[in-house]
Amino acid sequence: MAGTAVRERLTWRVATVGAMIDETATVRTIELDIPDWMSHRAGQHLDIRLTAEDGYVAERSYSIASTPDEPVAITVERLVDGEVSPYLTEDLRAGDEIEVRGPIGGYFVWPWQDPASPLLLVAGGSGVVPFRSILRHRSDIGNTTPTRLLYSARSLPDVIYRAELDATSDGVQVSYTLTRQQPPGWTGHSGRVNDALLHEVAWPLEQRPLAYICGPTAFVESVAAALVGLGYPGDRVKTERFGGA
Amino acid sequence: MSPISRGFHGRHRDTTADTDRVPPGQYVTTDFPVLSAGPTPHTPLDNWSFSIKQGRDTLKSWSWPELQALPVEDVTVDISCVTHWTKLDTRWQGVSIDTLLSQVEQDARYVLAFCDGGYTTNLPIADVTSGQAWVAFGYDGQPLPAEHGGPARLLVPHLYFWKSAKWVRGLELLAADEPGFWERYGYHNYGDPWREQRYASD
């Protein structure tokens, strides 16, 4: 993997906001038209910079939700005490200009050239965003790597990309676990991702699976530890965490 | 010239009176976010050591009790992560790299920190000496939690925090610079937050 890192100059570019899609009550996908965007790899992220009238700036990193062949899109969850996420999810309008640079990160990407390893994707909340990029990319290129997505959300209405995930086929198995509230007749999993659930969902070790975990810190910590407990080697478990505001 | 983000005023700028302590592109957080590329390793302290290596030779190695027996310094520093958060006045306890290097003969120009889990990061030796770097094992008066790099991590607060390698197990002394983990994945080789050296081309 070394040497595949991005070496081109990552300059700030002025992106024009395109379509916006409300994914849930607090989550919005924002398409960005970025001039001269160098194609990204599924799993990478980008930086956003906002500038107030008096020159105050705020920068944040967001996972890229789109495939390398689509218009760049990010999916942003509004954080109650956030500074940038409320602006992006409530104030931003189509046609607005914001500064962007990227793509960034060369580790939490899917090396689809290695199809022998089944994929295990474990998402907590908006940690599902880079996995949409990976799943769409996998489908676009006709890759058949057996793939499982285990997605932990508070409740069914909090599930991001639900229609798309429910329609996934072609060797992808999606399972949800709902931690706080389950609808009547819910037949999926309930409660937090734990050893028993991972034991059920995770690929057997002898298949040399590759695991990706993305979500809040405590979620990632506990899932990564549980996978190591199941015998997954540390270098087959890639993690990405988010925190802050 | 950056375009103005219409209607953006910024909510966090008044959370600190010390804005001149916050590097460009950073925001102040009171949380302590965690960032790591893989699972958190757990090495029993009985098997733990900190080594200074050169080539194939281990010049010096300290067991956990031996490290604890060295002079421990209390340091209060601001830390900045490349993912844009800065945390002010963090309190650490640890042993200065000066103390460790004083026990070996060396004339290295660079070091590569190595860690449980396989993580590495590279630094000029001038940046880990003269009271600028520690092997930290205490945070806020408590043992350093594993998710923050415990039992011990490097602490190099004047550089972006990926240089403060978690779960550190030693330093390899080098004559020539060698990129570490994130440095090979497109992050800046040096990582000065005040010059916003986030990515390789910055």
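Since every read-out is calculated from the coordinates, none of them should be taken as a lab result. The structure displayed is predicted, hence computed values, not measured ones. Heads up, the Cβs are rebuilt from the backbone with ideal geometry, glycines too, and the neighbour counts pull from every protein chain shown.
Kindly indicate which of A:LEU50, A:LEU46, A:LEU10 is closer than 23 Å to B:HIS188 by Cβ, within 13 Å of chain B (Cβ to nearest Cβ) and in contact with a helix residue (DSSP H, G or I) (Cβ under 7 Å, 6 or more places away or on another chain).
Step by step, each of A:LEU50, A:LEU46, A:LEU10 is checked, and only A:LEU50 is closer than 23 Å to B:HIS188 by Cβ, within 13 Å of chain B (Cβ to nearest Cβ) and in contact with a helix residue (DSSP H, G or I) (Cβ under 7 Å, 6 or more places away or on another chain).
Say whether the condition of being free of Cβ contacts under 8 Å to residues at least 40 places away in the same chain, within 12 Å of another protein chain (Cβ to nearest Cβ), buried (at least 17 other Cβ atoms within 10 Å of the Cβ) and assigned to a loop (DSSP other than H, G, I, E, B) is met by at least one residue in region B:176-187.
yes
For residues that are surrounded by fewer than 19 Cβ atoms within 10 Å (Cβ to Cβ) and in contact with a Lys or Arg (Cβ under 9 Å, 6 or more places away or on another chain), tally how many sit in region A:112-126.
Summing the residues that are surrounded by fewer than 19 Cβ atoms within 10 Å (Cβ to Cβ) and in contact with a Lys or Arg (Cβ under 9 Å, 6 or more places away or on another chain) in region A:112-126 gives 4.
Please work out if A:TYR107 is surrounded by fewer than 19 Cβ atoms within 10 Å (Cβ to Cβ) and within 12 Å of chain B (Cβ to nearest Cβ).
Numbers: surrounded by fewer than 19 Cβ atoms within 10 Å (Cβ to Cβ): no; within 12 Å of chain B (Cβ to nearest Cβ): yes.
Judged against the criteria, A:TYR107 is not a match.
Working carefully through the options B:LEU123, B:LEU100, find the one that is outside any strand (DSSP E or B), under 16 Å from B:LEU155 (Cβ atoms) and in contact with a Leu (Cβ under 9 Å, 6 or more places away or on another chain).
B:LEU100
How many of the residues making up region B:193-202 are more than 9 Å from chain A (Cβ to nearest Cβ) and touching a Phe, Trp or Tyr at 6+ places or on another chain (Cβ under 8 Å)? Working first, answer last.
Taking region B:193-202 as the starting set, the residues that turn out to be more than 9 Å from chain A (Cβ to nearest Cβ) are B:193-197.
Next, only the ones that are touching a Phe, Trp or Tyr at 6+ places or on another chain (Cβ under 8 Å) stay: B:193, B:197.
Counting residues in region B:193-202 that are more than 9 Å from chain A (Cβ to nearest Cβ) and touching a Phe, Trp or Tyr at 6+ places or on another chain (Cβ under 8 Å) gives 2.
Just a yes or no: is a residue in region A:66-77 within 8 Å of chain B (Cβ to nearest Cβ), surrounded by fewer than 22 Cβ atoms within 10 Å (Cβ to Cβ) and either touching a helix residue (DSSP H, G or I) at 6+ places or on another chain (Cβ under 9 Å) or small (Gly, Ala, Ser) (or both)?
no
Any chance region B:131-145 includes a residue that's hydroxyl-bearing (Ser, Thr, Tyr), over 24 Å from B:LYS87 (Cβ atoms) and out of contact with any Cys (no Cβ under 6 Å at 6 or more places or on another chain)?
No: region B:131-145 contains no residue that is hydroxyl-bearing (Ser, Thr, Tyr), over 24 Å from B:LYS87 (Cβ atoms) and out of contact with any Cys (no Cβ under 6 Å at 6 or more places or on another chain).
Take the residues in region B:21-64 that are within 14 Å of another protein chain (Cβ to nearest Cβ) and in contact with a Gly (Cβ under 7 Å, 6 or more places away or on another chain); name whichever of them is nearest to B:ASP116 (Cα to Cα).
This residue is B:PRO41.
Quick one: how many residues across region B:159-175 are in contact (Cβ under 8 Å) with a residue 40 or more places away in the chain and closer than 26 Å to B:LEU88 by Cβ?
So the answer is 9.
Conditions (1) out of contact with any Lys or Arg (no Cβ under 9 Å at 6 or more places or on another chain); (2) surrounded by 18 or more Cβ atoms within 10 Å (Cβ to Cβ); (3) within 14 Å of A:ALA123 (Cβ to Cβ), marked per residue:
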| position | (1), (2), (3) |
| --- | --- |
| A:ARG180 | no, no, no |
| A:SER190 | yes, no, no |
| A:ASN194 | yes, no, no |
| A:PRO209 | no, yes, no |
| A:VAL220 | no, yes, yes |
